[in-house]
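Undergrad: Below is the structure I would like to discuss, written out as structure tokens.
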Ligand code: BJ8
């Protein structure tokens, strides 16, 4: 295994603290993932990525930078990767999913901020994540209040471009997001030194659409019973998609989908047919946040769908590829991205519709709506989610948690009782 310490040192990382993280991750991954039985063979790629998670991909980014290419670090699925890819840049997701980074984040923002934001800031300021260190700039967005203000703190330390997200979905908001995408494109052109053209944008739109289609194929396989892949493995695939090369991401997801389709044809599953099927909704589960899925799947149920940004919201809806001028393409991007039903919108009936539609599509027995502590947006929507699911006769369990493990047993008790109640 390559020793990446010289690379991390060159990136200016805090090696001593980072080593602690590197020591802990393989143990957590082994306990959570490698203990599973009958995993698809094509998960070997994702295991390999995790085994070198702070080395392999950052090293690729460094090689790109040597060629003069730029790396953009993002925190939200609203940032259109297509624009960056068209200008020969690369995108890496940066949302922090580990308690390891939270204390460093709390040195810079109040402790009663959501753990995803605290972990992201902790990874930056603690200099313990190469993806932050390798990014030439960050791209933020005005979604929730916590993120908006956190970008000011980050922006004081590294260039952070903010996209101004509309908070409603009227035609004027779609138009406004189109303008924001155009302004972002101008910034990306300035940073990369590459001119955005209708041709390179059309190509990039195809690349990202192909990635979405491949991820969707894997998700479609999860509709089968017995389910051919665990929720944990599907979640890992999506988490890795946020920072992998989009072409390779599509290729590997398609290989995985081929195998899963064969498994379905052969009647092969990772859990017995009839295992209770759970959909998870709520705040995103950034890598390496596997806590909820692990508890569910070791409590007698299987996760078959995630209605969240680290789930179906990441790949649902394609960008219309028919535009031949930048103006049309910006509008096509806006229309696609504005279909994301994040809780930052008011009103937000689309998320409720997504939950019910997918509950039926994936034939779920119950929904677990799980929010990160201090996320007001998703916390407030909990009630409408619970009410609608009650109307539909779909059992729902609302939970709140953070990245620490001290509530794991309590969660296990509640989830175990919920699964038992499903019969
Ligand atoms: S589109 S869900 S990725 S904003 S959990 S930081 S909302 S306080 S992550 Fe998100 Fe974009 Fe929406 Fe998706 Fe704030 Fe809530 Fe924390 Fe959150």
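The values are calculated or read from the model by the stated rules, or taken from the named source; none is laboratory data. These numbers were taken from a predicted model, which means no experiment stands behind them. Note that each Cβ is placed from the backbone with ideal geometry, even for glycine, and that neighbours are counted across all protein chains shown.
Undergrad: Go over the candidates 235, 285 one by one and state the one that is within 22 Å of the chain's Cα centre (by Cα), part of a helix (DSSP H, G or I), closer than 24 Å to residue 31 by Cβ and modelled with pLDDT of 95 or more. Steps first, please.
TA: Numbers: 285 fails: part of a helix (DSSP H, G or I).
Going through 235, 285 in turn, the sole match is 235.
Undergrad: Oh, and also: Please specify each residue of the stretch 134-143 satisfying the condition of being part of a loop (DSSP other than H, G, I, E, B) and buried (at least 23 other Cβ atoms within 10 Å of the Cβ).
TA: Filtering the stretch 134-143 down to residues part of a loop (DSSP other than H, G, I, E, B) leaves 135-136, 142-143.
Of everything in the stretch 134-143, just one residue is part of a loop (DSSP other than H, G, I, E, B) and buried (at least 23 other Cβ atoms within 10 Å of the Cβ), namely 135.
Undergrad: Which pairs do you get when a residue that is in contact (Cβ under 8 Å) with a residue 24 or more places away in the chain and under 11 Å from residue 136 (Cβ atoms), found in the stretch 64-78, comes within reach of a residue that is within 16 Å of the ligand (Cβ to nearest atom) and part of a loop (DSSP other than H, G, I, E, B), reach meaning Cβ atoms under 6 angstrom, with the pair 6+ apart or on two chains?
TA: Listed pairs, sorted by first residue: 73/94.
Undergrad: Mind checking which pairs have a first residue in the stretch 364-388 that is closer than 17 Å to residue 353 by Cβ and a second that is away from the ligand (no atom under 13 Å from the Cβ) and part of a loop (DSSP other than H, G, I, E, B), Cβ under 9 Å, 6 or more apart or different chains?
TA: 364/394; 367/394; 367/395; 388/394
Undergrad: Quick check on the stretch 365-383: of everything there that is outside any loop (DSSP other than H, G, I, E, B) and near the ligand (Cβ under 10 Å from one of its atoms), which residue is nearest to residue 280 (Cα to Cα)?
TA: Selected residue: 371.
Undergrad: If you check 343, 390, which single one turns out to be in a loop (DSSP other than H, G, I, E, B) and farther than 26 Å from residue 273 by Cβ?
TA: Values: 390 fails: in a loop (DSSP other than H, G, I, E, B).
After applying the criteria, what remains is 343.
Undergrad: Sticking with this one: May I ask you to list the residues in the stretch 33-75 that are within 17 Å of residue 294 (Cβ to Cβ) and part of a helix (DSSP H, G or I)?
TA: 33, 34, 43, 46, 47, 50
Undergrad: I would also like to ask the following. Restricting to the stretch 249-280, what's the tally of residues that are under 21 Å from the mean Cα position of the chain (by Cα), part of a helix (DSSP H, G or I) and closer than 14 Å to residue 230 by Cβ? If you could, list the steps in order and put the result at the bottom.
TA: Of all residues in the stretch 249-280, those under 21 Å from the mean Cα position of the chain (by Cα) come to 249-257, 278-280.
Going one step further and asking which of them are part of a helix (DSSP H, G or I), we end up with 249-257.
Filter once more, keeping what is closer than 14 Å to residue 230 by Cβ: 256.
Result for the stretch 249-280: 1.
Undergrad: Considering each of 161, 131 in turn, give the residue that is touching a residue at least 24 places away in the same chain (Cβ under 8 Å), closer than 20 Å to residue 309 by Cα, more than 15 Å from the ligand (Cβ to nearest atom) and outside any loop (DSSP other than H, G, I, E, B).
TA: Working: 161 fails: closer than 20 Å to residue 309 by Cα.
Matching residue, one of 161, 131: 131.
Undergrad: Of all residues in the stretch 357-387, which are out of contact with any strand residue (DSSP E or B) (no Cβ under 7 Å at 6 or more places or on another chain) and surrounded by fewer than 18 Cβ atoms within 10 Å (Cβ to Cβ)?
TA: Matches in the stretch 357-387: 357, 360, 361, 376, 380, 383, 384, 387.
Undergrad: Please specify each residue of the stretch 318-331 satisfying the condition of being over 22 Å from the mean Cα position of the chain (by Cα) and more than 18 Å from residue 164 (Cα to Cα). Talk me through it step by step, then tell me what you get.
TA: Here is the first cut: in the stretch 318-331, the residues over 22 Å from the mean Cα position of the chain (by Cα) are 320-331.
Listed by number, the residues that qualify are 320, 321, 322, 323, 324, 325, 326, 327, 328, 329.
Undergrad: Also, quick follow-up: May I ask you to list pairs of residues, at least six apart or on different chains, whose Cβ atoms are under 6 Å apart, with the first in the stretch 1-22 being within 10 Å of residue 127 (Cα to Cα) and the second being assigned to a loop (DSSP other than H, G, I, E, B)?
TA: Correct list of pairs: 13/127; 14/127; 14/128; 17/128; 18/128.
Undergrad: Next question. Here is a list: 116, 121. Which entry is buried (at least 23 other Cβ atoms within 10 Å of the Cβ), over 26 Å from residue 338 (Cα atoms) and at pLDDT 95 or above?
TA: Values: 116 fails: over 26 Å from residue 338 (Cα atoms).
One residue alone meets the criteria, 121.
Undergrad: Give me a count of the residues in the stretch 60-76 that are surrounded by fewer than 22 Cβ atoms within 10 Å (Cβ to Cβ) and either more than 9 Å from residue 134 (Cβ to Cβ) or modelled with pLDDT under 95 (or both).
TA: The qualifying residues number 8.
Undergrad: What number of residues within the stretch 192-215 are assigned to a helix (DSSP H, G or I) and surrounded by fewer than 17 Cβ atoms within 10 Å (Cβ to Cβ)?
TA: Total meeting the criteria: 5.
Undergrad: Being surrounded by 14 or more Cβ atoms within 10 Å (Cβ to Cβ) and in a loop (DSSP other than H, G, I, E, B) is the filter here, so list the residues in the stretch 319-337 that pass it.
TA: 319, 320, 323
Undergrad: Then there is this: Listed residues 107, 178; which is without any contact (Cβ under 8 Å) to a residue 24 or more places away in the chain and more than 14 Å from the ligand (Cβ to nearest atom)? Write out each step before concluding.
TA: Numbers: 178 fails: without any contact (Cβ under 8 Å) to a residue 24 or more places away in the chain.
After applying the criteria, what remains is 107.
Undergrad: For residue 359, only one of the following conditions fails: (1) within 16 Å of the ligand (Cβ to nearest atom); (2) part of a helix (DSSP H, G or I). What is its number?
TA: With respect to (1) within 16 Å of the ligand (Cβ to nearest atom); (2) part of a helix (DSSP H, G or I), residue 359 is out only on (1).
Undergrad: Condition check: more than 16 Å from the ligand (Cβ to nearest atom), under 19 Å from residue 369 (Cβ atoms) and either more than 16 Å from the chain's Cα centre (by Cα) or in a loop (DSSP other than H, G, I, E, B) (or both). Does residue 299 satisfy that?
TA: On the way: more than 16 Å from the ligand (Cβ to nearest atom): yes; under 19 Å from residue 369 (Cβ atoms): yes; either more than 16 Å from the chain's Cα centre (by Cα) or in a loop (DSSP other than H, G, I, E, B) (or both): yes.
When the stated conditions are applied, residue 299 passes them.
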